[in-house]
Amino acid sequence: MKIYTKTGDGGETGLPGGSRVEKSSALPEACGAADELNSCIGVARAEVPPQDLDAILESVQHRLLAAGAELADIGGVSSGYRQIDPEQVEALEAVIDRHQEALPLLESFVVPGGTRVSAALHHARTVCRRAERRVVALHRGGHREVSPVLIKYLNRLSDMLFVLARVVNAEAGVGDIVCQKLGEQ
């Protein structure tokens, strides 16, 4: 089977069930943002984070594939089947709580950077926020009903990526780079 079908050459893409939509419409935007997020997490993992964090990130990558399937209606979302469930949101919260305990309290914005892994996680975090915005736009624009749990998952995932970026820097002996107030530069 060839990787290219030539059916998208006119600016449309196929959906499960055979319907077609403009590639610039809300659904491909949301699915594409989730896919881009998954790739960013892959880049962070390629930078070789600590093994316990790598396992968390790998699990998230699988969940993001499920989220993309849910968005594209693979598996019959319209019949009530959900790929992302509340327990997965709770699992992200548990990771955040467990790792945040060891970090100093934040009193300022953090400048993304530090180690390569941390920078990649910050990048993934910003892409996650964009994916969340695209999914919310898909839902609120009336294009497709989206599970509130999926929206919550993306919101919590960006929080987790932020905490893990800080953890990676702390474990490498690199403190948070705090944002300087105007005039302090």
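Just so it is clear, none of the values below were taken in a lab; they were calculated from the coordinates. Worth saying up front: this structure is predicted, and the values here are computed from it rather than measured. Cβ sites come from the backbone with ideal geometry, for glycine too, and all protein chains shown count toward neighbours.
Per-structure values
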item: Cβ-based charge dipole, the range 22-171, positive-most Cα from 103, 169, 26; result: 26
item: Mean Cβ neighbour count within 10 Å, used as a protection proxy, ranking 22-30, 5-13, 95-103 highest first; result: 22-30, 95-103, 5-13
item: Nearest-0.05 FRET efficiency for residue 85 and residue 7, computed from C-beta distance (R0 41 Å); result: 0.80
